[in-house]
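Take a look at the structure set out below.
The values are calculated or read from the model by the stated rules, or taken from the named source; none is laboratory data. Please read these numbers as outputs of a predicted model, since none were measured by experiment. Don't worry about glycine lacking a Cβ; one is built from the backbone with ideal geometry, like all the others, and counts go over all protein chains shown. Side chains included, ligands, DNA and RNA excluded: accessible areas come from the protein's heavy atoms. Shrake-Rupley method; radii C 1.70, N 1.55, O 1.52, S 1.80 Å.
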Amino acid sequence: MTVRRRVQLLFLPFMLLLLADLALDRYLVARRDESGRLIAQRLDPARTAVTDLLQALVDQETGQRGFIITGDPAFLRPYDEGRARADGRIAELARLLAHDEPAAAAVERVASRVAAWRQLGAEFEIEAKLAGRDADAALLVATGTGTQLFDQARREVVALQAVVRGALASEARRLASLQDRIATIGVASLALAVVFAGAAWYLVVRWIADPVRALATAVRAVAAGDLDRPIPSPGPPDLAGLGRDIEAMRMSMLEAADDATRARRALARQGMIVLTLRDELAPGPVDLPPTVSVATRYHPAEGVVAGDWIDMVRQDGERVVLALVDVSGHGEDAAVFALKTKHLTMAAVHSGLGPAEVLEWLAYQLGDTGDRFLTAVIVEVDGASGQCRYASAGHPPMVICHTGVTTRLEPTGPILGPLPGRWGEARAALVPGSLLVAYSDGLVESRDGSTELGVDGLCELLASIAPGHADAVADACMEEAGRSHPAGWVDDLSLVVVEVGAHRPVLLPDPAAGRSAPARSSTAG
């Protein structure tokens with residue numbers, strides 16, 4: 001039997017087992033990914049939506065009861081807002097849980113019970129109160145019909161919540177089981193590879209190495225002058241075909257080249273991920289009102305991405321909401337966590353939450369962040385009135401500067417991280433020509449022992465700068481901070497300068513230069 005035939009018989013069982021292992025592993029990985037997508041795209045959002053639905057239902061009932069008791073129409077606002085939220089959450093749950101027939105049926109029951117409470121209870125009582133029929137309203141309340149219908153609706157929501165949690169727990173167990181199976185297959189594959197390697201080594205020595213050694217001994221003996229010694233033909237008959245050895249060497253070189261190509265592609269993909277992170281963390285385009293202009297700067301401590309991020313949105317009228325968040329650490333890991341905080345924060349801002357409410361919601365969504373923590377400032381500026389309200393989670397104090405006079409806006413609560421906290425909301429006034437400066441600690445602090453600018457130094461700098469546009473003030477701050485870091489930046493740096501005055505285009509960061517550049521904005525808000 002030739003060497004080729006023997007090698008084929010040796011590898012055939014292994015290749016069959018390997019193909020079966022790869023097919024099973026591919027199947028389990030696909031099932032695992034499907035389960036992960038179901039949790040991330042449907043069940044987790046459904047759990048959040050049903051919790052918000054229950055809160056919205058309670059808000060409606062609270063507003064309705066407050067109006068019935070006091071007759072103050074202001075109490076109808078929570079009722080109307082809660083109603084809109086509840087309808088939105090029911091529609092969202094119907095979409096998210098459409099794949100699960102029992103859960104979809106539970107959503108329909110919730111919708112039916114909520115509609116029954118509104119039509120037969122809450123709206124009857126509200127209409128009677130609005131019409132001035134206080135006695136009728138009191139009688140309707142006394143019958144307890146509205147209360148019973150509300151309790152039924154709330155029980156249906158709680159039951160739906162249990163269904164969603166059960167589905168989430170079941171899918172999580174399924175995901176864990178698939179992970180265990182994949183790990184078991186990996187261990188079995190490794191054991192199979194070890195066994196095959198040992199068997200292959202033994203057979204190669206017996207089929208090839210020993211015959212080659214015998215042939216080499218005979219050849220050396222003939223070369224030494226023993227011309228009478230015959231040259232044996234040990235081993236397989238095709239051992240003399242050295243071409244097969246050269247082909248084996250070529251295959252080894254090709255395998256090494258393939259490994260190098262895969263390594264280059266992996267490095268290229270990693271680079272694209274870093275660039276995508278940078279672009280995602282950059283501020284989005286926004287059309288500022290004519291009374292507000294903004295300049296931004298940032299500089300990462302490592303690579304091209306930072307743990308800091310800045311973004312802003314224009315809301316109704318001339319109100320602009322700006323967020324600046326500084327995540328602990330720097331580099332790609334901090335940037336990934338920063339991107340998560342950006343999506344959560346801006347979702348809360350777009351939903352219309354106030355600055356303090358945004359921080360409360362962000363802390364709730366992040367939960368236990370482990371070793372990660374962040375400082376943040378959320379600012380709402382009304383360009384028409386100059387009114388400013390803000391909330392700061394342990395962030396360095398913002399500075400208001402006008403005609404050489406500076407005012408510090410201190411934090412309204414602790415840093416946001418693994419420990420719970422509460423954040424308040426404060427207000428300030430910006431007269432025309434005022435500058436509001438927000439920044440991360442990389443601007444004023446030094447961690448390498450060099451001289452730092454400090455908050456006092458920043459205030460002195462702002463007071464000494466001649467009145468100018470936000471862009472010029474931002475450049476002056478970066479120049480002064482650069483003198484405080486002669487050996488280079490050791491921490492991520494972000495800076496925002498808000499000017500109440502003439503309209504100018506919003507300035508977005510230029511990743512190549514580490515500073516902002518004018519850019520045309522699309523309409524937002």
Hey, can you find the accessible area per residue of segment 63-211 for me, probe 1.4 Å, expressed in square angstrom? 56 Å²
Using a 1.4 Å probe on heavy atoms of the protein chains only, the accessible area for Glu332 in Å², nearest 10, reads 80 Å²
Semi-axes of the equivalent ellipsoid of segment 309-416: what are they in whole Å, largest first, if each equals the square root of 5 times a C-alpha gyration tensor eigenvalue? 24, 17, 12
Sorted list, accessible surface of protein heavy atoms, 1.4 Å probe, largest first, for Glu101, Glu108 is Glu101, Glu108
Fraction of accessible area attributable to carbon and sulfur, segment 293-443 (%, probe 1.4 Å): 55 percent
So if I place +1 on the C-beta of Lys and Arg and -1 on the C-beta of Asp and Glu, and nothing else carries charge, what would the dipole magnitude of segment 130-213 be about its Cα centre? I want it in debye, nearest 20. 500 debye
